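The values are calculated or read from the model by the stated rules, or taken from the named source; none is laboratory data. Here the structure is a predicted model, which is why all the values come from computation and not from measurement. Neighbour counts are summed over all protein chains in view; Cβ atoms, including those assigned to glycine, are modelled from backbone coordinates with ideal geometry. Remember, those area values only see protein heavy atoms, side chains included, never the ligands or the DNA or RNA. Shrake-Rupley method; radii C 1.70, N 1.55, O 1.52, S 1.80 Å.
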Amino acid sequence: MELSRLSPQMRSSDLARMPIPTIPAKLIEPFLARTLIVDAAQVAAAPTIVAATDNRVAVSAGDTAYVTGVKDPNQPHWQVYRQGRVFQDPDTKEVLGFEAVYLGDADVLGRGDVSTMHIAKATQEITVGDKLAIAPPQRNAPFVPRAPDQQIKGKVIAGSDNSVFEMAPYSTIIINQGERNGLQSGHVLGLYHSEGSIPNGRNKPIPLPEQRYGLVLVFRVFDKMAYGLVMSASRPVHVLDTVRNP
């Protein structure tokens with residue numbers, strides 16, 4: 001079955017009965033291969049670039065950087081990142097995590113109180129103060145989408161691009177549900193939107209029912225958040241749209 005045949009009209013019972021397509025990892029490989037979400041404790045404890053050759057403030061691919069806090073002797077490969085957006089739950093205002101903006105790759109040349117690192121790759125300028133994280137293992141197995149075993153309900157809180165407020169099919173979205181809510185990689189959720197509410201005299205306005213308009217495949221899950229691929233949508237995906245069992 002082709003991915004395009006997953007239409008917004010499918011009900012949860014249909015999803016459970018019909019053959020589910022596998023999703024090649026290459027569609028979302030950039031997001032699988034890079035550290036995306038960190039919490040405050042991880043940022044505070046992360047190895048930090050403290051100096052570069054020739055007393056430069058910035059380094060690029062091929063340069064040498066000096067790093068403190070490299071404690072794992074069995075990890076030769078690291079990723080360099082910079083703290084980006086702060087993600088907050090739209091309802092509870094809880095801080096869910098910090099975006100780790102991927103900057104490049106670094107390999108250990110020598111270990112000590114100050115470790116020597118070779119910058120193997122740089123997607124943008126790397127500066128003193130930037131952080132390092134252990135490079136995640138490469139995933140080669142395809143995703144096998146499936147419905148969640150329990151009820152999941154959350155909201156779209158962002159797109160992968162800070163400037164994006166409407167997302168199209170095959171774009172990446174971020175939702176405010178994670179491992180602690182029972183969400184797993186491979187889960188398929190429905191995308192729902194309400195057109196607002198109608199007046200009700202002196203009482204509170206009556207909200208219009210939410211309508212399902214698309215499907216999202218969850219492909220990377222953190223404790224409080226997750227990334228998903230919009231597999232189908234009959235309209236743009238908006239921040240604060242609902243995600244729940246299809």
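Pick out the one residue from Ser232, Ser185 that is polar (S, T, N, Q) and outside any loop (DSSP other than H, G, I, E, B). Reasoning before the result, please.
Values: Ser185 fails: outside any loop (DSSP other than H, G, I, E, B).
None of the others qualify; the one that does is Ser232.
Please work out if Gly110 is closer than 30 Å to Ala51 by Cα, without any contact (Cβ under 8 Å) to a residue 24 or more places away in the chain and open to solvent by less than 40 Å² (accessible area, probe 1.4 Å).
yes
Report, by residue number, each residue of the range 204-222 that is in a strand (DSSP E or B) and surrounded by fewer than 13 Cβ atoms within 10 Å (Cβ to Cβ).
At the first step, the residues of the range 204-222 found to be in a strand (DSSP E or B) are 206-207, 211-221.
Answer for the range 204-222, where residues must be in a strand (DSSP E or B) and surrounded by fewer than 13 Cβ atoms within 10 Å (Cβ to Cβ): Ile206, Pro207.
Identify the residue in the range 223-244 that is among the basic types (Lys, Arg) and closer than 17 Å to Asp91 by Cα and, among all such residues, is least open to solvent (accessible area, probe 1.4 Å). Step through it out loud before you land on a result.
Pass one, the range 223-244, residues among the basic types (Lys, Arg): 224, 235, 244.
Subset that is closer than 17 Å to Asp91 by Cα: 224, 244.
Numbers: Lys224: 56, Arg244: 71 Å².
Selected residue: Lys224.
Kindly provide the set of residues from the range 135-162 that are open to solvent by 70 Å² or more (accessible area, probe 1.4 Å) and farther than 21 Å from Leu189 by Cβ, ordered by number. Spell out how you get there, then give the answer.
Step one: of the range 135-162, the residues open to solvent by 70 Å² or more (accessible area, probe 1.4 Å) are 137-140, 144, 146, 149-151, 153, 161-162.
Result: Pro137, Gln138, Asn140, Asn162.
Scanning for something modelled with pLDDT under 90 and either aliphatic (A, V, I, L, M) or not in a loop (DSSP other than H, G, I, E, B) (or both), does the range 136-143 turn up at least one residue? Show your work before the answer.
Taking the range 136-143 first, the residues modelled with pLDDT under 90 are 136-143.
Then keep just the ones that are either aliphatic (A, V, I, L, M) or not in a loop (DSSP other than H, G, I, E, B) (or both); that gives 141, 143.
Yes, because at least one residue in the range 136-143 is modelled with pLDDT under 90 and either aliphatic (A, V, I, L, M) or not in a loop (DSSP other than H, G, I, E, B) (or both).
Within the range 195-203, is there a residue that is touching an Asp or Glu at 6+ places or on another chain (Cβ under 6 Å) and either open to solvent by 80 Å² or more (accessible area, probe 1.4 Å) or assigned to a loop (DSSP other than H, G, I, E, B) (or both)? Let's see the steps before the verdict.
Pass one, the range 195-203, residues touching an Asp or Glu at 6+ places or on another chain (Cβ under 6 Å): none.
So far as the range 195-203 goes, no, none of its residues is touching an Asp or Glu at 6+ places or on another chain (Cβ under 6 Å) and either open to solvent by 80 Å² or more (accessible area, probe 1.4 Å) or assigned to a loop (DSSP other than H, G, I, E, B) (or both).
I'd like the full set of residues that are at pLDDT 70 or above, surrounded by fewer than 17 Cβ atoms within 10 Å (Cβ to Cβ) and more than 21 Å from Ile134 (Cβ to Cβ), limited to the range 1-54.
Ala51, Thr53, Asp54
Can you name every residue in the range 67-83 that is open to solvent by 30 Å² or more (accessible area, probe 1.4 Å) and under 16 Å from the mean Cα position of the chain (by Cα)?
Result: Arg82, Gln83.
From the set of residues in the range 84-95 that are charged (D, E, K, R) and under 17 Å from the mean Cα position of the chain (by Cα), which is farthest from Gly112 (Cα to Cα)? Let's see the steps before the verdict.
Going residue by residue through the range 84-95, those that are charged (D, E, K, R) are 85, 89, 91, 93-94.
Subset that is under 17 Å from the mean Cα position of the chain (by Cα): 85, 89.
Details: Arg85: 32, Asp89: 40 Å.
The qualifying residue farthest from Gly112 (Cα to Cα) is Asp89.
Is there any pair linking a residue in the range 38-61 that is touching a residue at least 24 places away in the same chain (Cβ under 8 Å) and of a type outside the set (Val, Ile, Thr) to one that is assigned to a loop (DSSP other than H, G, I, E, B) and open to solvent by less than 60 Å² (accessible area, probe 1.4 Å), with Cβ under 8 Å and at least six apart or on different chains, and which?
As it stands, the answer is Ala45/Gly69; Ala46/Gly69; Pro47/Gly69; Pro47/Val70; Ala52/Asp63, since those pairs meet every condition given.
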